[in-house]
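Remarks on the structure that follows.
The values are calculated or read from the model by the stated rules, or taken from the named source; none is laboratory data. Source: prediction; values computed, not measured. Virtual Cβ from ideal backbone geometry, glycine too; neighbours counted across all protein chains shown. Surface areas here come from the heavy atoms of the whole protein model, side chains and all, with no ligands, DNA or RNA. Shrake-Rupley method; radii C 1.70, N 1.55, O 1.52, S 1.80 Å.
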Amino acid sequence: MKNIFVFIWRNHFVFLFLILQSLSVYLLIQNNNYQRAGFINSASATAGNFLNVYNNITEYFSLKKANDILAAENAELKKHHPSSFFRYDVQVFNVNDTVYRQQYTYRAARVVNKTVNKRNNYLTLNRGSLHGIERNMAVITPVGVVGIVKDVSANFCTVISMLHVNSKISAQIKNNNYFGSMVWNGNNASLVNLVDIPSHVKLHKGDTVITTSFSAIFPEGVVVGTIEDFELEPGNNFYTIKVKPGTDFRSVSNVYVVGNLLKNEQVQLEEDSTND
Amino acid sequence: MIELLVKNTLRFVILIIFQVLVLNNVELGGFINPYLYVFFILMLPLETPGWLLLLLSFLMGISIDLFENTAGMHASACVFMAFCRPYLLRLISPREGFDRGSKITIQKFGINWFLTYAGIMIFLHHFALFYLEVFRFSSFFSTLLRVILSSVFTLLLVVITQYLFNPVKKN
């Protein structure tokens, strides 16, 4: 017994190395596991609050651009406000609430931390479970898709950016409804690839790419980006399409977190069907 | 002793802040990610006991992980780098050994020695880090290119920082 302690003491450097290394690898694997929530991340209170303070300062530099986007969106929304319509009918209609039921909820949030230069990029938002944020909610801006919520703490949440090697967002081309997936190859923050579009489809540069109705996460029709370039390699049945994301990931600061009120119902139903 | 403690604590905090707020936002062609925070581990005193070296490196790595959402990745690379440090120092020690209490500076050991020491350490760290990040060997050579380019850039930053912290004294 004594010999064991002497042995361990003599080689404590190697043993400590092995212990710390296995701890790191354990954390790494646990974090990579999408199903389980990681606990060392910037959603934790310390890091979140620190980044929040920093962001309060840097936000001023992108204020002008953020204002432009919000103003443009306000104008768009004003267009839909009842006061901007001319009433043609004479009779009074009651809006019947049983016809339209709300499916999507929008919560405004601010980006307090982000990366764009890694292979796997994340954002941190200043909204958490106290504000009703849950895992797998969609994150968008008025001009494009941002990503999907990963971990949630009381006041913060982390978001898997579209610029993440494992991120796969279902998208379609707006004018012909052919659909594929958005994947990122990890190199350029201003180019994301749209794959699985068959070679017989007619494409044009500048076509808009939007989200599909297949995912239970994103509402249909949110802009993803515009086609920058496309090519068809000889012998390949699918295009390689380069899409310029609508969101400028380097300066994104105000986002919406979108919750789908009917998501559980849809997911449950689809699971039941595939289990048969 | 107290001075050493204060100096290293300050270095620890400043390097983390600089890494998280400045360097993590640097984007150079998608291939270069400088990680200057390893400067802390490079500069730990020569007499630092092994266990303390490992623990401090782990602490450094996990602090960076906290801000980058990469639990364990930087910690693992840092611990690996710290583990290699004593062996590397033994390998490239001057013929008469190190003087007690001498600081690791370019002025004392010369630019060649420092570049060898820092270069190998940084390469080991970046190598572990970048391969852990992609977690596969399929894009081996493109990752290797990123490792080499980023190492060179970090080394450059380390040398500059070294001169900033220890300015050359004029006669």
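Brief remarks on what is shown
- From the alpha carbon centroid of the range B:12-59 to that of the range B:71-122 is 14 Å.
- Phi-derived couplings, Karplus 6.51 cos²θ - 1.76 cosθ + 1.60 at θ = phi - 60°, listed residue by residue for the range B:85-92: 4, x, 5, 5, 4, 5, 5, 10 Hz, with x used for Gly and Pro.
- Remark: accessible surface ordering of B:27, A:76, B:3 (largest first) is B:3, A:76, B:27, probe radius 1.4 Å.
- Cross-link pairs A:118/A:205; A:114/A:263; A:202/A:263; A:64/A:114; A:79/A:150 - those with Cα-Cα distance over 31 Å: A:202/A:263; A:79/A:150
- Cα gyration tensor, the range B:1-157 - rounded (a/c under 1.5), prolate or oblate: prolate
- Put simply, the amide H of residue B:72, placed in the peptide plane, has no neighbours under 5 Å, leaving out anything fewer than 5 places away on its chain.
- Using a probe of 1.4 Å, the accessible surface attributed to residue A:64 totals some 150 Å² when neighbouring protein chains are kept in position.
- Cα extents of the range A:105-173 along the three principal axes, largest first (Å): 34, 27, 19
- Cut-off under 5 Å, modelled amide H: who pairs with residue A:146 long-range: A:139, A:140, A:141
- Candidate aspartates and glutamates - alpha carbon under 18 Å from residue A:65, same-chain residues fewer than 8 apart omitted: A:73, A:76, A:248
- Screening chain A for whole DSSP H helices with an alpha carbon extent of at least 24 angstrom along the helix axis and a mean Kyte-Doolittle hydropathy of at least 0.0 yields A:12-32.
- Dipole magnitude of the protein assembly as shown about its Cα centre (Cβ charges: Lys, Arg +1; Asp, Glu -1), debye to nearest 20: 1620 debye
- Taking all protein chains as they are arranged and a probe of 1.4 Å, the heavy atoms of residue A:68 leave approximately 90 Å² accessible to solvent.
- Residue A:190 sits with roughly 40 Å² accessible to a 1.4 Å probe, with DNA, RNA and ligands left out of the calculation.
- In the context of the full set of protein chains, the range B:82-171 has a per residue accessible area of 60 Å² (1.4 Å probe).
- Solvent-accessible ranking of A:131, B:125, largest area first, probe 1.4 Å: A:131, B:125
- Surface exposure of the range A:169-245, expressed per residue as accessible area with a 1.4 Å probe, stands at 48 Å².
- Note, ³J(HN,Hα) from phi for the range B:112-128, Karplus 6.51, -1.76, 1.60, rounded to Hz, x at Gly and Pro: 4, 4, 5, 5, 4, 4, 5, x, 5, 4, 5, 4, 4, 4, 5, 4, 4
- In summary, the lysines within cross-link reach of residue B:108, defined as a Cα separation below 16 angstrom excluding same-chain residues under 8 places away, comprise B:169, B:170.
- Note on surface exposure: B:15, A:269 rank A:269, B:15 by accessible area, highest first, 1.4 Å probe.
- Here the Karplus relation 6.51 cos²θ - 1.76 cosθ + 1.60, evaluated at θ = phi - 60°, turns the backbone of the range B:49-61 into coupling constants of x, x, 5, 5, 4, 5, 5, 5, 5, 4, 4, 4, x Hz, with x for every Gly and Pro.
- Between B and A, accessible area buried - total, square angstrom, nearest 100, 1.4 angstrom probe: 3300 Å²
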